[in-house]
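The values are calculated or read from the model by the stated rules, or taken from the named source; none is laboratory data. Given the structure is predicted, the values throughout are model-derived calculations rather than measurements. Glycine gets a Cβ as well: all are built from the backbone with ideal geometry, and neighbour counts include every protein chain shown. Side chains are part of the model used for accessible areas, which takes the heavy atoms of the whole protein and leaves out ligands, DNA and RNA. Shrake-Rupley method; radii C 1.70, N 1.55, O 1.52, S 1.80 Å.
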Amino acid sequence: MIDNLPQLEADALATITAAADSEQLTDVQTDVVGKGAPLTLARRDLGSLPPEDRKAAGQALNEVRARIEQALETRRSEIAAVERVAQMETERLDLTEVSESAHIGHAHIVTQAWEALEDVFAGMGFRVAEGPQVETDWHNFDALNIPPGHPARDGFDTIYVEHGEPGSTLLRTHTSPVQIRAMLTQEPPIYIVAPGRVFRRDTADSTHLSVFQQIEGLVIDKGISLADLAGTIEAFTDSYFGSDFSSRLRPNHFPFTEPSAEFDIQLPDGSWLELGGCGMVHPNVLKAGGIDPEEWSGFAFGFGIDRLAMMKFGVDDIREAFTNDIRFIRQF
Ligand code: PHE
């Protein structure tokens, strides 16, 4: 046995090096230094040697055992290092990585249209203004030349709010009251657009909801004429829809503008889309806004943002856009 010692050591070191993982190495360890290992058994045989040889033989065994144990230790830490790297690789969480399955949200189609409109009008020199959704009857009607009892009030299907005097507070039926608020808080010249939510007591169908969005435009300056209004509508059409679209004005009636018109957009296929109303600001409205009609004149326009979004994104039922069905929303 002792004669085989160098061979035994060489074999042990070779199996240690060959162990591929910590489990294999544990088995190898049992084989080479465990209770039944030849090296352990050889220790027991020392007693059968002549006393003068025992010491040297014992020392030789101890040295071999120490080298084998050292080799086991070295191999164990090598394997542990490799296994740690592999574990880190499989369990790694890369927080900067965007998963293919992650859905990133985007603005609603009406918000997209709203923001694009703001950009177009900002590019034409308009500033964005805002007004409250809960409005006074005075701002929504009286100041816009629609006194109590005026037939135009019936056309608006107003939702009133229980606040103050009965009938004095309402959910605005259009964005036109922002005209009044702008005139009362700003010195002319005024160039504003006011996008916002409006409310009417409407039964929902494919083109109407009782809550919808409009954008109002108001210009007050010296010497403003109907030609400026028509030119502005045309410039807007060009810049929002593209140069293959054009616009036209058709006579109409609104109490707050005189003259008044409806404006339509012609699509490249020749068809017309009725977009909104417009006209020269009525002198009574200028007066209600604290502006002298002898000195200043202006025009206003207003139209629905939702209808524009429907056309742009090819939606035929506006109700679809607000049911928050993720399958609908993800299409745009
Ligand atoms: N406020 C009108 C509506 O809601 C639209 C409009 C705005 C008309 C400005 C003329 C001038 O129908």
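With a cut-off of 8 Å between alpha carbons and a minimum separation of six or more residues, what is the relative contact order of the chain in percent?
14 percent
On average, how much accessible surface per residue is there in region 1-93, in Å², for a 1.4 Å probe, leaving out ligands, DNA and RNA?
Value returned for region 1-93: 70 Å² of accessible area per residue.
Which whole-number percent gives the relative contact order of region 260-321, counting Cα pairs below 8 Å spaced six or more residues apart?
Once divided by the residue count of region 260-321, the mean separation gives 26 percent.
Could you list which residues have their amide H under 5 Å from that of Phe299, counting only those 5 or more apart in sequence or on another chain, with H placed in the peptide plane?
Excluding prolines and chain starts, which carry no amide H, the hits are Val219, Val281.
Under the definition of Cα pairs under 8 Å and six or more residues apart, what whole-number percent is the relative contact order of region 2-91?
In percent, rounded to a whole number, it is 36.
Could you please state, rounded to a whole Å, how far the C-alpha centre of region 258-328 is from the C-alpha centre of region 100-141?
So the separation of the two Cα centres works out to 13 Å.
In sequence order, what are the phi-derived ³J(HN,Hα) couplings for region 320-329 according to the Karplus relation 6.51 cos²θ - 1.76 cosθ + 1.60 with θ = phi - 60°, rounded to whole Hz, with x for glycine and proline?
3J(HN,Hα) across region 320-329, in whole Hz: 4, 6, 10, 8, 6, 7, 4, 5, 6, 4.
Which far-off residues, 5 or more places away or on another chain, put their amide H under 5 Å from the one on Leu275, with H placed in the peptide plane?
Under 5 Å from the amide H of Leu275: Phe263, Asp264, Ile265.
Pick out the long, greasy-scoring helices in the chain: whole DSSP H runs spanning 30 Å or more along their own axis by Cα, mean Kyte-Doolittle at least -1.0.
Counting only whole DSSP H runs, the qualifying helices are 51-91.
What is the extension gain from His208 to Ala122, computed as 0.36 nm multiplied by their sequence separation minus the C-alpha to C-alpha distance, in nm to one decimal?
28.1 nm
In region 85-128, carbon and sulfur make up what percent of the accessible area (probe 1.4 Å)?
Carbon and sulfur together cover 54 percent of it.
Return the calculated 222 nm mean residue ellipticity for the chain, to the nearest 500 deg cm²/dmol, obtained by summing -39500 (n - 2.57) across DSSP H runs with n ≥ 4 and dividing by the residue count.
One gets -13000 deg cm²/dmol as the mean residue ellipticity at 222 nm.
Within straight cross-link reach of Lys35, meaning Cα distance under 15 Å, which aspartates and glutamates are found once same-chain residues fewer than 8 apart are removed?
Those aspartates and glutamates meeting the cut-off are Asp27, Asp45, Glu69.
If exposed trypsin sites (Lys or Arg not before Pro) are those in a DSSP loop with at most 11 other Cβ within 10 Å, what is the longest stretch of the chain that has none?
Formally, the longest exposed-site-free interval is 93-221.
How about region 101-144: which GluC sites (Glu not before Pro) there are in a DSSP loop, with at most 16 other Cβ atoms within 10 Å of their Cβ?
Here the GluC sites (Glu not before Pro) that fit, given the DSSP loop and packing criteria, are Glu130.
Any idea how far apart Arg67 and Thr40 come out in nm if each label point goes 7 Å out from Cα toward Cβ?
The modelled label-to-label distance comes out at 2.2 nm.
With r as the distance between the Cβ atoms of Glu165 and His253 and R0 = 30 Å, compute the FRET efficiency 1/(1 + (r/R0)^6) and round to 0.05.
E between His253 and Glu165, to the nearest 0.05, is 0.55.
Can you list the residues, at least 5 places off or on another chain, whose amide H is less than 5 Å from the amide H of Val198, using H built in the peptide plane?
Phe212, Gln213, Gln214
Compute a Gaussian network model of the chain, connecting alpha carbons closer than 10 Å, and tell me which residue from Gln133, Gln214, Gln70 fluctuates the most.
Looking only at Gln133, Gln214, Gln70, the largest GNM fluctuation is found for Gln70.
Say each of Thr74 and Arg197 gets a label point 7 Å from the Cα, pointing the same way as Cα to Cβ; how far apart are those two points in nm?
Label at Thr74, label at Arg197, 7.5 nm between them.
To the nearest 0.05, what FRET efficiency results for Ser271 and His108 with a Förster distance of 22 Å applied to their C-beta separation?
Calculated value: 0.25.
If you take the alpha carbon radius of gyration of the chain and divide it by 2.2 N^0.38 Å, what ratio comes out, to two decimals?
2.15
Over region 181-332, with every protein chain in place, what whole percent of the accessible area is carbon and sulfur at 1.4 Å, could you tell me?
Solvent-exposed carbon and sulfur of region 181-332 make up 49 percent of the total.
With just the Cα atoms defining each centre, how far is region 186-236 from region 152-173? Give it in Å.
Cα centres, region 186-236 to region 152-173: 20 Å.
Tell me which GluC sites (Glu not before Pro) from region 255-332 have a DSSP coil assignment and no more than 11 other beta carbons within 10 Å of their own.
Answer in residue order: Glu294, Glu295.
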